[in-house]
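Before any comments, here is the structure.
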Amino acid sequence: MKKAKKLVVGNWKMNPLDLDEAKNIAGTVKKSLKNIKKVETVVCPPFIYITSLSGIKSPNISLGAQDAFYESAGSFTGEVSFAQLPQFKVEYVILGHSERRKMGEGDDLINKKVRSVLVEGMSPILCVGENTRDQHGEYLNLVRSQVVGGLRDVPKKLIGDVVIAYEPVWAIGAKEAMRPREVHEMYIFIKKVLRELYGISADSVRVLYGGAVDVGNTEEIIRDGFVQGLLIGRESLKAKNFVEIIKIVDQI
Ligand code: PEP
């Protein structure tokens with residue numbers, strides 16, 4: 001049962017610089033994860049490497065993209081469509097990452113992309129998270145509006161295909177991750193919002209944490225944060241560390 005597994009997603013962003021290195025990382029990850037039982041790993045390389053890496057697909061490993069465009073085909077210079085991705089075995093797409101929100105993507109555009117990914121039979125990984133924390137809990141309203149806005153018009157029958165990645169923006173690329181107890185609070189909050197929207201069907205949505213995850217903090221984030229997986233930036237490019245993180249999650 002795929003959904004029962006935890007999910008560890010590696011977001012390579014605009015790295016590495018050349019295809020040989022991309023193949024090296026992917027090859028090491030694939031070779032090292034043969035005996036993993038309880039974790040599904042998703043590797044999300046830049047588009048330009050996706051065709052070359054589609055062979056990474058195996059029972060434990062899936063391929064993901066980091067974005068695409070919601071129209072399926074046509075005159076959209078420079079874009080790649082979600083409809084073009086499944087032929088290369090892409091099964092997940094990261095959407096609403098804070099780095100894309102910073103470039104101007106808002107909830108309406110992200111929502112169009114979420115629905116488009118679902119229409120193509122893939123799973124959106126919808127990233128949400130506040131830039132800063134305030135004492136009055138405004139950040140909770142922001143996270144709620146990102147979840148509600150991103151999932152607008154997503155039907156109940158498809159909600160189980162959605163993954164939510166909670167990433168406090170201040171922890172992304174930072175030295176330290178969020179404390180596990182706070183991760184747990186946000187996990188409960190997001191599940192509550194999902195349950196308000198979808199009732200019991202929302203229980204099938206996996207909620208991940210992302211932001212400065214490394215080998216040293218993985219166990220406590222999963223164990224005490226109670227999240228169903230991780231979204232990992234920097235450490236996903238260090239094949240050895242990424243594999244180690246997945247092995248730790250598999251042991252929990
Ligand atoms: C990210 O960019 O989504 C992320 C979690 O990065 P890092 O793991 O490097 O903090």
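The values are calculated or read from the model by the stated rules, or taken from the named source; none is laboratory data. In this text the structure is predicted, and so the values were computed from the model without any measurement. Here the Cβ is made from the backbone with ideal geometry for all residues, glycine too, and neighbour counts use every protein chain on show.
Going by the structure shown, is R144 surrounded by fewer than 24 Cβ atoms within 10 Å (Cβ to Cβ), touching a residue at least 12 places away in the same chain (Cβ under 8 Å) and away from the ligand (no atom under 15 Å from the Cβ)? Considered against the rule, which asks whether it is surrounded by fewer than 24 Cβ atoms within 10 Å (Cβ to Cβ), touching a residue at least 12 places away in the same chain (Cβ under 8 Å) and away from the ligand (no atom under 15 Å from the Cβ), R144 comes out as yes. Condition first: within 13 Å of the ligand (Cβ to nearest atom) and surrounded by fewer than 18 Cβ atoms within 10 Å (Cβ to Cβ). Can you find one or more residues in segment 186-201 that meet it? No; the residues of segment 186-201 include none that is within 13 Å of the ligand (Cβ to nearest atom) and surrounded by fewer than 18 Cβ atoms within 10 Å (Cβ to Cβ). Any chance segment 238-249 includes a residue that's in contact with a Gly (Cβ under 8 Å, 6 or more places away or on another chain) and either within 16 Å of the ligand (Cβ to nearest atom) or within 17 Å of V114 (Cα to Cα) (or both)? Within segment 238-249 (the criterion being in contact with a Gly (Cβ under 8 Å, 6 or more places away or on another chain) and either within 16 Å of the ligand (Cβ to nearest atom) or within 17 Å of V114 (Cα to Cα) (or both)), the answer is yes, since at least one residue qualifies.
Scanning segment 69-86 for residues that are under 15 Å from P124 (Cβ atoms) and either modelled with pLDDT under 95 or hydroxyl-bearing (S, T, Y) (or both) yields Y70, S81. Scanning segment 46-97 for residues that are within 16 Å of the ligand (Cβ to nearest atom) and not in a loop (DSSP other than H, G, I, E, B) turns up G64, A65, Y92, V93, I94, L95.
Among the residues of segment 1-24, those that are at pLDDT below 95 and either within 16 Å of the ligand (Cβ to nearest atom) or in a loop (DSSP other than H, G, I, E, B) (or both) comprise M1, K5. A single entry from G225, G173 fulfils the requirement of being buried (at least 20 other Cβ atoms within 10 Å of the Cβ) and not acidic (D, E): G225.
Pairs meeting the criteria (first residue in segment 7-22 and under 18 Å from G55 (Cβ atoms), second residue modelled with pLDDT of 95 or more and assigned to a loop (DSSP other than H, G, I, E, B), beta carbons under 6 Å, at least 6 apart or on different chains) are W12/P45; A22/P16; A22/P45.
With R144, R152, R181, R133 as the choices, which residue is touching a helix residue (DSSP H, G or I) at 6+ places or on another chain (Cβ under 9 Å), of a type outside the set (F, W, Y) and modelled with pLDDT under 95? From the options R144, R152, R181, R133, the qualifying one is R133. Which one is modelled with the highest pLDDT among residues in segment 50-63 that are farther than 12 Å from V90 by Cβ and not hydroxyl-bearing (S, T, Y)? Across segment 50-63, the extreme among qualifying residues is I61. Only one of the numbered conditions (1) under 21 Å from N111 (Cβ atoms); (2) polar (S, T, N, Q); (3) modelled with pLDDT under 95 is not met by Q66, and that is (3).
Within segment 154-185, restricting attention to residues that are charged (D, E, K, R) and in a loop (DSSP other than H, G, I, E, B), the residue that is farthest from the ligand (Cβ to nearest atom) is R179. Number of residues in segment 202-216 that are within 11 Å of the ligand (Cβ to nearest atom) and surrounded by 19 or more Cβ atoms within 10 Å (Cβ to Cβ): the value is 6. Hey, among the residues in segment 99-131 that are surrounded by fewer than 21 Cβ atoms within 10 Å (Cβ to Cβ) and within 16 Å of the ligand (Cβ to nearest atom), which one's farthest from G233 (Cα to Cα)? Ranking the qualifying residues of segment 99-131, first place goes to E105.
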